[in-house]
Every structure is written in C-alpha cells, then in structure tokens.
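To keep things clear, I will list the structure first and then write my remarks on it.
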Amino acid sequence: MTCIGVVDTTFARVNMGAVAIDEIKNLLPNATVKRITVPGIKNTVWGALRLIRDGCDAVIVLGWVGPTPVDKYSYLATSIGLMQLQIETGALILDVTVHEEEGGGDEKKLKEIALDRTRKHVWNLVEMLRGGLERYAGKGLRQGYPHAGEII
Ligand SMILES: Cc1nc2c(=O)[nH]c(=O)nc-2n(C[C@H](O)[C@H](O)[C@H](O)CO)c1C
C-alpha cells in the first residue's frame, strides 16, 4: 500500500498539513498517510527523513517562508537539504512553500494561495506516483494561482 508523508510547520499561518491530508484521502483513499509537524522550515528535512525511514514512498513538505533575507537563506538551505535527501534515499519529496509576501499584505489572499498550492501539489504528487503527469506537460499549470495555460 502507498504511504504518503506530510511534513508541516508551526511557523505556518495556515494549517496546510490538515488540508494536504484531506486531499490525499480524497485522491488516494487507500493510502497510508503519516504526518510530522516541526517548528520551522529548517526542521522539515529531519521530518521528511523520519517519514521515509518509516516507509513513506513520497513526502510533501509544506513550508512557510517569512519575508526577510534570513528567512530566504533558511529556505535555500532547506531546499538544498531536501534535494540531498532525495538523492540519498530515492524517495520523492515535493518541496511546497508559501512566501509570506505573496499575499501582498492581504491575509485572505495569502490563505487562498496556501490552500490552492497545497491541494494542487497533492494532486501533482499523486499523479507523479501514478506516472500520469506527462499529459499535462507544457500546460502552464500553476499552484497558488490560476493556471496560466498553454501558449498555442
Ligand atoms: C514558492 C512558489 N511556489 C509556486 C508553485 O509551487 N507554483 C506556482 O505556480 N507558483 C509558485 N510561486 C509563484 C511563481 O513564482 C509565480 O509568481 C506565479 O506562478 C505567477 O506566475 C511561488 C513563489
């Protein structure tokens, strides 16, 4: 049976982990879902490693990145750590982040971005596991925003 891991943070201002689990259960009702919540983005690599060692085939990492340079350096370091973890384990890790400034100061918009991005990346993860993303190649898909569409 497929096991999907979910890593999220208490730093996030939207409960993206709960939304991701809901969406995984909609799309893959028979999958086992395991979740680890960590304080902040730099702890997510540890969370993902734990879930992979615990038998997960793929992990979705839901990060929330603040607006300051130190937040961006932390995200860069984390992202490299997650890539390294994929190289070492061969497990699929989807690094899904919301940057605080994406809302342009509008909290409602920021929440919508976070929810849409989370749901659409869960769909991406499920399709990747099924090998079914090819038919969407070049379609201008976006997560957190309306799809841009293919240029014909
Ligand atoms: C972190 C991030 N992640 C995504 C993503 O996963 N999917 C996506 O479509 N867009 C993301 N963006 C925003 C893009 O950089 C870009 O600003 C928007 O897609 C609008 O074109 C950002 C900033």
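Suppose all protein chains stay in the model; what accessible area per residue would a 1.4 Å probe give for the stretch 3-136, in Å²?
50 Å²
From largest accessible area down, sort Met16, Met83, Met128, Met1; use a 1.4 Å probe on the protein chains.
Accessible-area ranking of Met16, Met83, Met128, Met1, largest first: Met1, Met83, Met128, Met16.
Sort Asp106, Asp116, Asp8 by accessible area with a 1.4 Å probe, largest first.
From most exposed to least exposed: Asp106, Asp116, Asp8.
Probe radius 1.4 Å, ligands and nucleic acids left out: which of Tyr145, Tyr75 has the largest accessible area, and how do the rest follow?
These residues rank, largest area first, as Tyr145, Tyr75.
Which one, Leu51, Gly104, Thr118, projects farthest toward the positive side of the charge dipole computed for the chain from Cβ point charges (K/R +1, D/E -1)?
Leu51
Projected onto the charge dipole of the stretch 3-136 (+1 at Lys/Arg Cβ, -1 at Asp/Glu Cβ, origin at the Cα centre), which of Leu92, Phe11, Pro29 gives the Cα projection farthest towards the positive end?
Value computed over the given set: Pro29.
Pop out the carbon and sulfur fraction of the accessible area of the stretch 3-136 as a percent, whole number, probe 1.4 Å.
The C+S portion of the solvent-accessible surface of the stretch 3-136 is 54 percent.
Put a dot 7 Å past each Cα toward the Cβ at Arg53 and Thr32; how far apart are the dots in nm?
It is 1.6 nm.
Please report, in debye to the nearest 20, how large the charge dipole of the chain is about its Cα centre when each Lys and Arg carries +1 at its beta carbon and each Asp and Glu carries -1 there.
Taking the Cα centre of the chain as origin, the dipole is about 240 debye.
How far, in nm, would the chain grow between Glu127 and Thr2 when pulled straight, counting 0.36 nm per residue and subtracting the alpha carbon separation?
Extra length available between Glu127 and Thr2 comes to 43.7 nm.
Just report the Cα centroid separation between the stretch 18-40 and the stretch 85-129, whole Å.
13 Å
Describe numerically, in nm with one decimal, the distance between label points set 7 Å from Cα along Cα→Cβ at Asp106 and at Gln84.
For the pair Asp106/Gln84, the computed spacing is 3.9 nm.
Filter the DSSP H helices in the chain by two things, a Kyte-Doolittle mean of at least -1.0 and an axial alpha-carbon span of 27 angstrom or more, and list the hits by number.
In the chain, the long hydrophobic H runs are 69-89, 107-130.
Any chance you could run the full-extension gain for Asp22 through Tyr73? It's 0.36 nm times the residue separation minus the Cα-Cα distance, nm to one decimal.
15.3 nm
Using 0.36 nm times the number of residues separating His147 and Asp116, minus their current alpha carbon distance, what extension gain do you get?
10.1 nm
The values are calculated or read from the model by the stated rules, or taken from the named source; none is laboratory data. What you see is a predicted model; the values in this text were computed from it and never measured. Please note: Cβ atoms are built from the backbone with ideal geometry, for glycine as well, and neighbour counts cover all protein chains shown. Just so you know, the surface numbers come from the protein's heavy atoms only, side chains and all, with ligands and any DNA or RNA stripped out. Shrake-Rupley method; radii C 1.70, N 1.55, O 1.52, S 1.80 Å.
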